[in-house]
Amino acid sequence: SPRHLVKTGFIIPIFKDTYILGMQCRYMSKRRDRTGGSVGESVVADLTLAAQNIVKGLGLSFGIYNVFDKNYSDPVSADHVQTAIRQDERNYRFKIDYLF
């Protein structure tokens with residue numbers, strides 16, 4: 001586990017609560033792996049734009065995860081060959097919800 005873990009985020013309504021902009025940022029200090037080595041610290045930010053009830057019941061969201069394309073890894077248990085697994089680079093997600 002990291003000695004320091006900080007998460008912060010905010011949500012801003014943009015237009016009559018129909019559109020919402022959200023951002024989350026996470027900091028993790030270095031962590032030890034199972035061999036006694038360490039995995040470096042990381043700062044990762046995510047950004048999401050969501051639209052709710054564009055048409056009755058329809059919601060859309062678009063997210064950019066790991067906005068700054070940071071390379072970071074997480075230490076893993078002895079069940080794995082490697083001591084740490086590299087996490088996702090910048091990626092994009094689009095979601096459609098329809099409630100009826």
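The values are calculated or read from the model by the stated rules, or taken from the named source; none is laboratory data. Keep in mind the model is a prediction, meaning the values are calculated, not measured. Here Cβ is always computed from backbone atoms with ideal geometry, including for glycine, and neighbour counts include all displayed protein chains.
Specify which of the listed residues (K16, K95) is of a type outside the set (D, E) and at positive phi.
Values: K95 fails: at positive phi.
So the residue among K16, K95 that is of a type outside the set (D, E) and at positive phi is K16.
Please enumerate the residues belonging to the stretch 29-52 that are modelled with pLDDT of 95 or more, over 30 Å from K16 (Cβ atoms) and hydrophobic (A, V, I, L, M, F, W, C).
V43, V44, listed by residue number.
Can you name every residue in the stretch 75-98 that is among the acidic types (D, E), more than 30 Å from D17 (Cα to Cα) and surrounded by 11 or more Cβ atoms within 10 Å (Cβ to Cβ)?
Here is the first cut: in the stretch 75-98, the residues among the acidic types (D, E) are 79, 88-89, 97.
Okay, now just the ones that are also more than 30 Å from D17 (Cα to Cα), so 79, 88-89.
Listed by number, the list holds a single entry, E89.
Need at least 3 residues that are in contact with a Leu (Cβ under 8 Å, 6 or more places away or on another chain) per element, so show me which strands (runs of 3 or more DSSP E) inside the stretch 1-89 make the cut, counting only ones lying wholly within it. Explain how you work it out, then say what you get.
Working: elements: 5-15, 19-28, 42-52, 58-65, 73-75, 84-86.
By residue number, 5-15, 19-28, 42-52, 58-65.
Yes or no, residue by residue, for (1) of a type outside the set (D, E); (2) surrounded by 11 or more Cβ atoms within 10 Å (Cβ to Cβ); (3) in contact with a Lys or Arg (Cβ under 7 Å, 6 or more places away or on another chain):
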residue: R26; (1), (2), (3): yes, yes, yes
residue: S29; (1), (2), (3): yes, yes, yes
residue: R34; (1), (2), (3): yes, yes, no
residue: V55; (1), (2), (3): yes, no, no
residue: F62; (1), (2), (3): yes, yes, no
residue: S73; (1), (2), (3): yes, yes, yes
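Given (1) free of Cβ contacts under 8 Å to residues at least 12 places away in the same chain; (2) of a type in the set (G, A, S); (3) touching a Ser or Thr at 6+ places or on another chain (Cβ under 9 Å), identify the lone condition not met by S38.
(3)
What is the number of the single condition among (1) hydroxyl-bearing (S, T, Y); (2) touching a residue at least 24 places away in the same chain (Cβ under 8 Å); (3) in contact with a strand residue (DSSP E or B) (Cβ under 6 Å, 6 or more places away or on another chain); (4) surrounded by fewer than 11 Cβ atoms within 10 Å (Cβ to Cβ) that T8 does not meet?
(2)
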